[in-house]
Amino acid sequence: MEKQFFNENAIYVGEVNIKVTNLEQSITFYKEIIGFDVLEQTKGRAVLTADGKTPLVTLEQPEDIQPKEGRTAGLYHFAILLPSRADLSHFLSHIVQTKYRYGLGAADHYVSEALYLSDPDGNGIEVYHDRPSSEWNWSNGQVDMATVELDAQGILDESNGKWTGLPKDTIIGHIHLHVRDLESTEAFYIKGLGFEVVTQLPGALFTSTARYHHHIGLNVWNGTGAKIPDKNRVGLNYFTLVFPDDDKRQQTVDRLENQGLYVEKQDNIHVVEDPSGNVIHLV
């Protein structure tokens, strides 16, 4: 993967925290199907890693947790970025062998090739690799992205290596959210957080920093004015945005507060909600 998209100039998604109904069931899924290792675990919480030291996904089982609601704002999917096409080949071979089919899908997005699936609670997951940025097509600040059929056989033929879990260089590549409306969402993410719109599709915006194809996707595909889910529902708890330094983070906090938004300071973390109730930790 090309590290310039996650360098000192980028603001990117570092970790995703999601709520589940059965922690042990979810741990089994994320280890045996996705390929994470458990970094630490307590009674109602498990932190997952690919390299043995960096938290990427945290699972939480609140005491009063309720199943996922349909057609609400919140998590559409979080996306696990693999270092290479060969790694995606290993993962696809593994999925074929396990016969896991829940929410399974696939797509070629021109800039990337992706597989989609859902965890046992219906939380959406994308597993993908990026094509080299030299193959991405930009025009007037917009990158060409689409959804076309994936060459699954070509990916399977890419490598005959054995799947051994997630590679150590795996990161969270992006997150994609259902939102209530695009106007207030764009004001928050662009004017507030400082992202740029790099692709627009019907009912969706794709935003990034450092000319990545997208760090955050935002859509109204669940309907304009979609309900904000109750806090005790399965789904996104929060995700982190990693800033290059404290000064850039403070400038962002100032912009958000100038928009009239409340930003809460918790130790060395700033917490804010977007207009659709999605919670973001600025770190």
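Here is how the numbers come out for the structure above:
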{"item": "Per residue value of the accessible surface for region 148-256 (all protein chains in place, 1.4 Å probe), Å²", "result": "45"}
{"item": "Distance in nm between pseudo-label sites at residue 63 and residue 22 (7 Å out along the Cβ direction from Cα)", "result": "2.2"}
{"item": "Cα-based Rg and Dmax for region 69-181, where Dmax is the largest Cα-Cα distance (Å)", "result": "14.7, 45"}
{"item": "Estimated 222 nm signal from helices in the chain, with DSSP H stretches of n ≥ 4 weighted -39500 (n - 2.57), rounded to 500", "result": "-4500 deg cm²/dmol"}
{"item": "Rg(Cα) / (2.2 N^0.38 Å) computed for region 219-283, rounded to two decimals", "result": "1.24"}
{"item": "Gained length - residue 40 relative to residue 138, 0.36 nm times residue gap less alpha-carbon distance", "result": "31.1 nm"}
{"item": "Compactness of region 1-103 - radius of gyration and Dmax, Cα, Å", "result": "15.2, 42"}
{"item": "Percent accessible area from carbon and sulfur atoms, the chain, protein chains only, probe 1.4 Å", "result": "45"}
{"item": "Option label - semi-axes √(5λ) of the Cα gyration tensor in Å computed here, alternatives (1) 39, 21, 18; (2) 29, 20, 19; (3) 27, 23, 18", "result": "(3)"}
{"item": "Using a Förster distance of 35 Å, the FRET efficiency for residue 250-residue 230 (Cβ separation, nearest 0.05)", "result": "0.60"}
{"item": "Cα-based Kirkwood hydrodynamic radius, region 142-275, one decimal, Å", "result": "17.4"}
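The values are calculated or read from the model by the stated rules, or taken from the named source; none is laboratory data. Since the structure is predicted, the reported quantities are computational estimates derived from the model, not experimental observations. Every residue, glycine as well, gets a Cβ built from its backbone with ideal geometry; the counts of neighbours run over all protein chains shown. Each accessible area value is taken on the protein alone, full model and side chains, heavy atoms only, with ligands, DNA and RNA left out. Shrake-Rupley method; radii C 1.70, N 1.55, O 1.52, S 1.80 Å.
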